[in-house]
Amino acid sequence: MPTLSGHLVLADISGYTAFVADTELEHSREILNELLETLVRCLGTSLQIGQIEGDAIFALGPDLPDDPGAWLEDCFVRFHRHLNAIKRVSTCPCRACANVGILTLKFVCHYGEYLPQSFLGKETFVGNAVNQVHRLLKNKVPSREYVLVTREALHRLPPALQEKFLP
């Protein structure tokens, strides 16, 4: 199979580890499932869902939508609307329901080569670009909510959107 080139996007829920560690697992699992489903629905409109990785969704594909900035903003807004709906309608006094507001969302976007790999009936993806986009989650960005775009991905965005990013 020939090597594929495309966009690799990770949507990661920040605060997940503390949320699960400090709350009731039954409710934290339900809340996280709902939020991950929201992200899968949104990211899946333009990219293939490569993998669900605990608190992150890994998506990839050859093309982003015509307005990638609006697409990522829509994913961000959908996530927060769902989070706010959970906070608004919950009457449960448990720690998971009370602390759902600590969860935030960050995106890492990269462009590079990858290959699908089938392993025990499950499709995964391999390649330096796959490794790099995952390593970039461990960074020193001084915020819990952001869009981090690599140089490789930035050059493939519309010029008006490129100008909005800080080096």
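The values are calculated or read from the model by the stated rules, or taken from the named source; none is laboratory data. Everything numeric here is computed off the predicted structure, so don't read it as measured data. No Cβ is skipped: glycine too gets one built from the backbone with ideal geometry, and neighbour counts run over all protein chains shown. Quick note on the areas: whole protein, heavy atoms, side chains included, nothing else; ligands and nucleic acids left out. Shrake-Rupley method; radii C 1.70, N 1.55, O 1.52, S 1.80 Å.
Tabulated values for the structure
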item	result
Close pairs from segment 56-78: first within 13 Å of residue 39 (Cβ to Cβ), partner open to solvent by 60 Å² or more (accessible area, probe 1.4 Å), Cβ under 6 Å, at least 6 apart	58/51
Residue 69 vs. criteria surrounded by 13 or more Cβ atoms within 10 Å (Cβ to Cβ), more than 11 Å from the chain's Cα centre (by Cα) and assigned to a helix (DSSP H, G or I)	yes
Condition broken by residue 123, with the remaining ones in (1) closer than 22 Å to residue 36 by Cβ; (2) of a type in the set (Asp, Glu); (3) in a helix (DSSP H, G or I); (4) open to solvent by 70 Å² or more (accessible area, probe 1.4 Å) satisfied	(3)
Some residue of segment 16-30 being at pLDDT 90 or above and within 16 Å of the chain's Cα centre (by Cα)	no
Any hit, segment 26-44, residues being not aromatic (Phe, Trp, Tyr) and not in a helix (DSSP H, G or I)	yes
Residue within segment 46-53 that is in contact with a Cys (Cβ under 7 Å, 6 or more places away or on another chain), at pLDDT 95 or above and surrounded by fewer than 17 Cβ atoms within 10 Å (Cβ to Cβ) present	no
Hey, residue 107 among the hydrophobic types (A, V, I, L, M, F, W, C), open to solvent by less than 50 Å² (accessible area, probe 1.4 Å), within 20 Å of residue 150 (Cβ to Cβ) and more than 15 Å from the chain's Cα centre (by Cα) or not	no
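Yes or no, residue by residue, for (1) of a type in the set (Ser, Thr, Tyr); (2) open to solvent by 40 Å² or more (accessible area, probe 1.4 Å); (3) touching a helix residue (DSSP H, G or I) at 6+ places or on another chain (Cβ under 8 Å); (4) not in a helix (DSSP H, G or I):
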| site | (1), (2), (3), (4) |
| --- | --- |
| 57 | no, no, yes, yes |
| 73 | no, yes, no, no |
| 79 | no, no, yes, no |
| 83 | no, no, yes, no |
| 93 | no, yes, no, yes |
